[in-house]
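Just below is one structure, and these are the notes that go with it.
The values are calculated or read from the model by the stated rules, or taken from the named source; none is laboratory data. Here the structure is a predicted model, which is why all the values come from computation and not from measurement. So basically every Cβ, Gly included, is an ideal-geometry build from the backbone, and we count neighbours across all protein chains shown. The area values use the complete protein model at the heavy-atom level, side chains included, leaving out ligands, DNA and RNA. Shrake-Rupley method; radii C 1.70, N 1.55, O 1.52, S 1.80 Å.
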Amino acid sequence: MEIKKGIAVSPGISIAKSLIIDSEDYLIPRRAVDPSQRTDEIQRVRDAFAEAIDELGRFEAAQDQTSSKIKDIFAVHMRFLHDRSLRKKITDLVQSDCVTAEYAVSSTLREIASHFTRVKDAYISERAADIYDIERRLLKHLLGKKREDVGRLTEEVVIIARELSPIQTAGFNRQFVKGIASDAGGRTSHAAIVARSLGIPAVVALEDLTALVSGGDTVIVDGNRGIVIVNPDEQTTEQYRQYSREFEELEHKLDAIKEKPAVTRDGTKITLLGNIEFPDEAQVVLEKGGDGIGLYRTEFLYLNTDTDPTEQQQYEAYARTVEVFGDRPVVIRTLDLGADKFTQSRRFAPEPNPFLGLRSIRFCLQNLMMFKTQLRAILRASVLGRLKIMFPLITNRHELMQAKMILHDVMEDLADESIAYNHDVQVGIMIETPSAALTAFSLARDVDFFSIGTNDLTQYTLAVDRGNELVSTLYSPADPAVLRLIRTVIQDAYKAQIDLSVCGEVASEPEYIMLLLGMGVRTFSLAPPMIPEIKQIIRSVTIEDCNKVARKVLSMNSERHISSYLRSAARKILPEAF
Ligand code: PEP
Ligand code: MG
């Protein structure tokens, strides 16, 4: 029996056999094959090319006819895939060096790509990115079976990985994936957020867990305490079965309060909204008793396809979500691509500091076609309900003004085409950079609402990568520096009389609720499975209790003291959750 302590990122307990999966970036070691297998490997190369051509042909046919840029890219990829000399170079390598099809594909294409980058001509050097795309496409077909294992599960498993991407996590089938444990990751890394949204117990930052587990080992994931146990003994397994039953009972008890309002004991009404990544989750928010959507992370529409979603596909996703909620709010956040989401894998040369790089609204402002396509889809859906638009990662007023100007351009285009949209659609921003927090008083003049994104605000205030387990002990929204910024934003929103919510993970964490209520927050947007628990806390406290907690915390100067004080205050209210 091996016990590992990591960071608990999604509550619940699971006990199942392990399934170890690779990262999305294929690592292809040089592996020799027996000379007698060369013919089979050469056939695998040919099959992978044929499947890739077939797949690309299907994507091409499904593309919007007007999207000529995408068609050009497809045409370039097709030309490479049909190039006989390229295929021959790869099969010759299998023949001469007795290597696997994967290795031959990868090393040949990488060699060509590095050749391209050295050419001075910009057009040719940019083709390197196409070569990497083709490599990924071929590898996907060669390694397809292994990858499909996760999609085709027939029994319950705990997924073990070095690191998971948000999109891998989002693809897990909840029926069979009962737990997740990874070597890397942090409390608010996007894969962790997705696990929480899906309600799958998860623990990250387990360092060398993958070295300790073999496929098929029994693993316990304790997402409440951040513990993973490999090959537990009989007594430990029994103890965890008992914990698991108790946890399920608590969940049922909490689900029963779903119809009751989120009102404090002294009568203050609180709004609880859900954070979602996919339209299907809107239903879960309703089932858990949420009042609407406070954060729709629309970039996930981009993460699980090989081609960019069209305006119509985006419109349909937003329309479906808005229609579920009728006259209740649905806040659609514009694309927050970049950093750990999507753009790096498409770049030829990765950015040196992607979290400080071309991310989020910055990426959109440099990719206007993509941005405008999304804004058209959002505006078209705005007539269907109470849709609001939110721009992420604003760092200064100029950026906000640019984003609003583009929104107005798109509105004019729609008006010219006689396409209906809501002229009074509310526009807000996320406050998730220290610069935005410190200038909130000025930004407030140009928006209808703020939503505080504490995940990034904590990361940028403390200069701690939110997904890096090596510095995870420094990452804490309870740090006095972060709390001072949150307080400033709340006060500035109040003075400007605009709406304010908190949509970072703190809104899902029981220990932060009293503090945030005491600081004046009245709207929370959180992981849907956590809504009942947070509602229970709200229904058990008075605003006066919360004000006392906030006063006390804001007079403290140590993160450790604040964290332990908050934990003990929340434990008194909802002991079962701890
Ligand atoms: C945040 O940064 O707090 C936030 C809610 O956005 P995301 O987690 O998607 O970066
Ligand atoms: Mg963010």
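Worth a mention:
- Matching option when the condition is away from ligand 1 (no atom under 16 Å from the Cβ) and within 21 Å of the chain's Cα centre (by Cα), among Glu432, Glu351, Glu417: Glu351
- When Arg162, Arg187, Arg225 are screened for being closer than 24 Å to Val471 by Cα and within 16 Å of ligand 1 (Cβ to nearest atom), only Arg187 passes.
- Scanning segment 417-450 for residues that are within 16 Å of ligand 2 (Cβ to nearest atom) and in a loop (DSSP other than H, G, I, E, B) yields Glu432, Thr433.
- Selection status of Ala507, touching a strand residue (DSSP E or B) at 6+ places or on another chain (Cβ under 6 Å) and closer than 30 Å to His252 by Cβ: yes
- Identification of strands (runs of 3 or more DSSP E) wholly contained in segment 194-312 with 1 or more residues that are small (Gly, Ala, Ser) and within 18 Å of Ile534 (Cα to Cα) yields 271-276, 293-297.
- Number of the condition not met by Ala507 [criteria: (1) within 16 Å of ligand 1 (Cβ to nearest atom); (2) open to solvent by 10 Å² or more (accessible area, probe 1.4 Å)]: (2)
- Qualifying residue in segment 494-502 (condition: within 16 Å of ligand 1 (Cβ to nearest atom), closer than 16 Å to Thr433 by Cβ and either open to solvent by 20 Å² or more (accessible area, probe 1.4 Å) or more than 21 Å from the chain's Cα centre (by Cα) (or both)): no
- Answer from Asp340, Asp336 - the residue that is within 13 Å of ligand 1 (Cβ to nearest atom), of a type outside the set (A, V, I, L, M, F, W, C), assigned by TED's automatic domain parsing to the domain that holds Asp499 and modelled with pLDDT of 85 or more: Asp336
- Against the criterion of being in contact with a strand residue (DSSP E or B) (Cβ under 7 Å, 6 or more places away or on another chain) and free of Cβ contacts under 8 Å to residues at least 40 places away in the same chain, Leu516 qualifies.
- Within segment 360-385, residues that are within 15 Å of Asp409 (Cβ to Cβ) reach no partner that is within 16 Å of ligand 1 (Cβ to nearest atom) and of a type in the set (Gly, Ala, Ser) with beta carbons closer than 6 Å at six or more positions or on different chains.
- Pair list, Cβ under 8 Å, 6 or more apart: segment 499-513 residue within 14 Å of Leu295 (Cα to Cα) and touching a residue at least 12 places away in the same chain (Cβ under 8 Å), other residue in a loop (DSSP other than H, G, I, E, B) and within 12 Å of ligand 2 (Cβ to nearest atom): Cys503/Gly453; Gly504/Thr188; Gly504/Glu432; Gly504/Gly453; Glu505/Thr188
- Restricting Ile562, Ile534 to residues that are in a helix (DSSP H, G or I), in the same structural domain as Ser442 (by TED's automatic domain parsing) and either among the charged types (D, E, K, R) or under 27 Å from the mean Cα position of the chain (by Cα) (or both) narrows the list to Ile534.
- Single residue of segment 49-63 satisfying the filter (open to solvent by less than 70 Å² (accessible area, probe 1.4 Å) and acidic (Asp, Glu)) that is modelled with the lowest pLDDT: Glu60
- Qualifying residue in segment 307-319 (condition: within 16 Å of ligand 1 (Cβ to nearest atom) and in the same structural domain as Asp446 (by TED's automatic domain parsing)): no
- Residues of segment 263-280 satisfying the condition of being in contact (Cβ under 8 Å) with a residue 24 or more places away in the chain and surrounded by fewer than 23 Cβ atoms within 10 Å (Cβ to Cβ): Val263, Thr264, Arg265, Asp266, Thr268, Lys269, Ile270, Thr271, Phe278, Pro279
- Residues (within 16 Å of ligand 2 (Cβ to nearest atom) and in a helix (DSSP H, G or I)) located in segment 466-507: Val482, Leu485, Ile486, Val489, Glu505, Val506, Ala507
- Residues satisfying the stated conditions in segment 168-195, i.e. of a type in the set (D, E, K, R) and open to solvent by less than 10 Å² (accessible area, probe 1.4 Å): Asp183
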